[in-house]
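Contents: one structure, followed by commentary.
The values are calculated or read from the model by the stated rules, or taken from the named source; none is laboratory data. Keep in mind it's a predicted model, so treat the numbers as computed, not measured. We place every Cβ from the backbone using ideal geometry, glycine too, and count neighbours over all the protein chains shown.
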Amino acid sequence: MTVATPRSGFDLEYYLNRTAGEKTPGGYYLNAAQQGEPDGRWFGKGAEALGLRDGQVVTKKPYLAAYNMIDPQTGERLPGRAPGSYAKFAEILQRKLEAEPHATQERYLQLEREAAQETRRSPVYTDITIAHNKSVSVLHASFREQARRARLAGDGEREALWRAREERVQEILQEANHAALEWMQEQAGFTRTGYHGSRVDGVEPGRWARALPVVTTWLQGTNRDGEPHDHSHNVIARMALSEDGVWRAVDTMALRQQLGAMAGIVESRVYSALAREFGVKVRKREDGRGHEIDGIAQETLDAYSTRAHTVTQTQAAPATARRRHPAMCRSRSSRRPWPGCRPAAAPGPARI
């Protein structure tokens, strides 16, 4: 089942770093991250207002400028309230990374969250990640593997054939994601102004206004364990261009209300394109949760889903058997502790 999930984010450099390639488990062709993920692409009428056309490849300088409320063309501050403390967050994260130079990608994300908690600031963006069905990822990876085998066999013509097919699947995923973003822009392109916490005579005093979003989209082909896992990070800037020319905060609640629709748009478009161009057929999953490509055995899907199994087993464990995050335990220090929190140790004798 295609899934769309939101996440507030702080570190803009993460997506740029992924396009450079990294050493993770898996073969060169099987593992997309080893080759470097595809370049990010711009999307959104807000981005176009900044001179960044739809589909244009993301480069570092205008990318960092746009998300920090600076016009990439003129270098001037955009009208509106800019997010603060980014430099402070970057400094905290940099110190943590310097202390752990060999941190894994998963540890990197943990350090990012720690730095964000210490910085105590508004997120720079909302990342709506659209994750494709595992069978789509396995099919895509198999095309890379076929290209690898053809190369080793010295069959240049066959290698070119499989490379072209792999690139076409990549474009299908990009096109489906683009259609979902167009829906999001139309249905959730709003900012909120005024106070929305209560009603006056039955009417909210705050108002909604149409807004033009700034988005970059980053297609990635692996998960943190190096397994095939096609997904797109849609990084929506905190501020959008409102009708009066002022940049205001995006209504993230409106974004979240469109997650199901976005996932449905992507899944239907991906399956129809794969069926049309490669003749694949789709079967209903035995658990009823969506569909998978027919002909790919469940054992194969399971072999490339070890991370999902680990998460599922953790969730299935009794609450008392799982450790709560220390911050959650501290928040209950004066009340009945959460299940899974270790009781605080009795204070020892004072040292003089």
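Here are the numbers for the structure shown:
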| read-out | value |
| --- | --- |
| Residue match in the stretch 75-93 (condition: in contact with a Leu (Cβ under 7 Å, 6 or more places away or on another chain), surrounded by 20 or more Cβ atoms within 10 Å (Cβ to Cβ), within 30 Å of ASP294 (Cβ to Cβ) and at pLDDT below 90) | no |
| Subset of the stretch 221-268 that is touching a Pro at 6+ places or on another chain (Cβ under 8 Å) and surrounded by fewer than 21 Cβ atoms within 10 Å (Cβ to Cβ) - its residue that is nearest to ARG18 (Cα to Cα) | ASP225 |
| Residue ID - nearest to GLY245 (Cα to Cα), chosen from residues in the stretch 18-52 that are part of a helix (DSSP H, G or I) and at pLDDT below 80 | ARG18 |
| Flag for GLU98 being among the charged types (D, E, K, R) and surrounded by 14 or more Cβ atoms within 10 Å (Cβ to Cβ) | no |
| Unique match (being within 24 Å of the chain's Cα centre (by Cα), at pLDDT 90 or above and surrounded by fewer than 19 Cβ atoms within 10 Å (Cβ to Cβ)) among GLU145, GLU157, GLU186 | GLU186 |
| Filter result (in a loop (DSSP other than H, G, I, E, B), at pLDDT below 80 and under 14 Å from PRO228 (Cβ atoms)) within the stretch 287-321 | SER305 |
| Residue check for ARG163: closer than 19 Å to PHE43 by Cα, more than 17 Å from the chain's Cα centre (by Cα) and charged (D, E, K, R) | no |
